[in-house]
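Enquirer: Quick one: this structure, given as structure tokens, is what I'll be asking you about.
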Amino acid sequence: MSGKGSSAKGKSGQSKQRQKYQNTFAFKSDKYSTKNAEITALPVQGLCKRCLDIIQWRKRMGQYKPLTVAKKCVGCSQKTVREAYHVICNPCALQKNVCAKCQLPEEIMPSTAGKTAAELLLDRQNEERLLSLMTERQRRSYARKVERGDDEGAAKIADRIRSSSNGEDDDFDFGFSDDESDGDDIEGDEDSEDEDE
Ligand SMILES: [Zn+2]
Ligand SMILES: [Zn+2]
């Protein structure tokens with residue numbers, strides 16, 4: 001390896017050019033499209049509305065990482081969790097009547113596996129409607145939170161938008177800063193990353 005390295009130095013200009021031509025994005029886009037199709041096909045089940053939204057968002061943004069090995073369930077301590085981002089296995093979630101991700105006793109959304117194309121489209125439209133109700137700033141904040149794994153924070157944003165659009169909200173507070181104190185909503189160098197895309 002070291003011998004190869006030193007000889008490459010001599011004609012670095014040439015080898016660099018050739019590498020540029022051969023590598024990078026054909027490989028990358030191929031990898032992503034195959035992976036994305038597989039991920040889109042994975043059913044999402046046992047989740048409440050807000051967790052389902054986040055998982056769907058992850059899928060769409062290419063940020064969904066499927067589990068390769070079963071994870072330990074926080075309920076029964078067995079390695080029975082097979083779905084990414086779930087913390088509790090399906091039997092435990094059913095028994096406790098909670099969402100498999102946030103473990104709250106929320107209404108559980110039907111599995112996407114049994115859904116028709118029309119229903120999936122409706123889901124997507126609902127999600128897009130939610131996003132359209134967000135300000136650009138809220139959307140960016142939502143995306144960043146999901147990206148960082150702060151799903152709870154992301155869900156809070158979605159909750160606010162939802163409750164304000166339903167008009168059924170008494171303690172709705174558009175202050176938007178109480179739980180943003182970790183500073184990731186402040187316009188700064190992180191934002192420039194987002195805008196580059
Ligand atoms: Zn369990
Ligand atoms: Zn949940």
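A short reminder: the numbers here are calculations on the coordinates, not readings from a lab. Keep in mind it's a predicted model, so treat the numbers as computed, not measured. When we count neighbours, we look across all protein chains shown, and the Cβ atoms used for this are built from the backbone with ideal geometry, even at glycine.
Enquirer: Compute the normalised compactness of segment 65-118: alpha-carbon radius of gyration over 2.2 N^0.38 Å, N being the residue count. Intermediate results must be reported in sequence, preceding the final value.
Expert: Working: Rg = 11.8 Å, N = 54, 2.2 N^0.38 = 10.0 Å.
Dividing the Cα radius of gyration by 2.2 N^0.38 Å gives 1.18.
Enquirer: Any idea how far apart Ala70 and Arg124 come out in nm if each label point goes 7 Å out from Cα toward Cβ?
Expert: If labels sit at Ala70 and Arg124, their model points lie 3.3 nm apart.
Enquirer: In addition: Report, in listed order, any pair from Lys49/Lys72; Lys35/Lys101; Lys49/Lys115; Lys59/Lys101 with a Cα-Cα distance greater than 20 Å. Before the final figure, lay out each step's value.
Expert: Working: Lys49/Lys72 23 Å; Lys35/Lys101 23 Å; Lys49/Lys115 15 Å; Lys59/Lys101 16 Å.
Cα-Cα > 20 Å for Lys49/Lys72; Lys35/Lys101; rest within.
Enquirer: From the Cα trace of segment 31-113, what convex hull volume per residue do you get, rounded to a whole Å³? Intermediate values should be presented prior to the final figure.
Expert: Values: hull volume 6.5 nm³, N = 83.
Once divided by residue count, the hull of segment 31-113 is 78 Å³.
Enquirer: What do you get for GluC sites (Glu not before Pro) in segment 69-133 restricted to DSSP loop and a cutoff of at most 12 other Cβ within 10 Å of the site's Cβ? Intermediate values should be presented prior to the final figure.
Expert: Numbers: sites: Glu83, Glu106, Glu107, Glu119, Glu127, Glu128; in loops: Glu83, Glu106, Glu107.
For GluC sites (Glu not before Pro) across segment 69-133 that sit outside H, G, I, E and B with at most 12 neighbouring Cβ atoms in 10 Å, the list reads Glu107.
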